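S.K.: Here you go, one structure.
No lab work stands behind these numbers, since they all come straight from the coordinates. Keep in mind the model is a prediction, meaning the values are calculated, not measured. Cβ placement follows ideal geometry from the backbone for every residue including glycine, while neighbour counts extend to all protein chains displayed.
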Amino acid sequence: MLHDFIAFDFLRNTFYTGLLIGLIAPLLGTFIVVRRLSLLADALSHVTLAGIAFGLFLEKKTAITFITPMYGGMFFSVVGSIFIEKLRGLYKAYQEIAIPIILSGGVGLSLIFISLANGFNTDLFNYLFGSVSAVSYHDFISILVIAIIVVVLIFFFYKELVVLSFDEEHATISGIHAKRIHLLFIILTALVIAASMRIVGVLLVSALMTLPVAASMRIAKSFKQTIFLSIVFGELAVMIGLVTGYYFSIPPGGTIVMASIFMLLGAISYRYVHKKVQKWGNEE
């Protein structure tokens, strides 16, 4: 693989893109999990799928080519995130209902546009489950820009995001613009989900945003350590997925998810064994 990595541009694009996705997906995923919004990623991924299908429909049925499936997915995902925030404000006593509403709409639009685009094909399959060879240099640059934006904004609004994640009422009383920060956060999540679809696949990206976080929460001793370990687990999962996907000629999304699950099981087992050892040490 090292020889091919040097010889082929698409492998380098995929590898560098994977590193970026392994960084920003668990980074945002930590805040998503802490805020108990894990299903948010699923909802936005289905909306992103609708945008991808819309882009494929335009490519096949019209002369419009500047709206690529990737940009279509990003646009739909951002719009979906804004609608979720609006619905959360409309149903203040039942804010969680906003997520299944948008998820259902995303599924419905996906089916319509997929049918109009003459059903499933190789391109759509790559978007659904990821591909080792589908990442172009243009895709890499787009994801690099998104990664820089995400990291910079998380750095500058870290304190506000942490306060909002653990105590939204206290954040509002403290003068933090909760609605603006949450809208910014949910838009960043939408962009990360859309950016991750080339590597992980749009239907599996939510796993990369939650499974590494779930694993790190079992062994981390602080919130910052949870973020760090989540990124480490995310990077490992992406690298394992890309290597196995390359050698076995299978979509990397599935192996990335399975690697994340094994890491989660390992973290759970480690915590269990650690508690048992501590218990035996105290008894002695």
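S.K.: Mind ranking 16-29, 71-84, 236-249 by how tightly packed they are, going by the mean number of other C-beta atoms within 10 angstrom, highest first?
M.R.: In descending order of packing, they fall as 16-29, 71-84, 236-249.
S.K.: Shape verdict for the range 188-235, please, from the Cα gyration tensor: rounded (a/c under 1.5), prolate (a/b greater than b/c) or oblate.
M.R.: Values: a/c = 2.80, a/b = 2.18, b/c = 1.28.
In terms of gyration-tensor shape, prolate.
S.K.: Let me ask another. Order the peptides 259-265, 98-104, 202-208 from the highest to the lowest mean number of other Cβ atoms within 10 Å of their residues.
M.R.: 202-208, 259-265, 98-104
S.K.: Still on this structure, please answer the following. Which entries in LYS86/LYS159; LYS221/LYS276; LYS179/LYS221; LYS224/LYS275 show an alpha-carbon gap greater than 20 Å?
M.R.: Beyond 20 Å: LYS86/LYS159; LYS179/LYS221; LYS224/LYS275.
S.K.: For the chain, what size does the Cα cloud have along each of its three principal axes, sorted from largest down, in whole Å?
M.R.: Per principal axis, max minus min of the Cα coordinates gives 73, 53, 30 Å.
S.K.: Just rank SER131, SER196, SER174, SER142, fewest to most, by other beta-carbon atoms within 10 angstrom. Walk me through the intermediate numbers first.
M.R.: Working: SER131 23, SER196 32, SER174 11, SER142 20.
Taking fewest neighbouring Cβ atoms as first place, the list is SER174, SER142, SER131, SER196.
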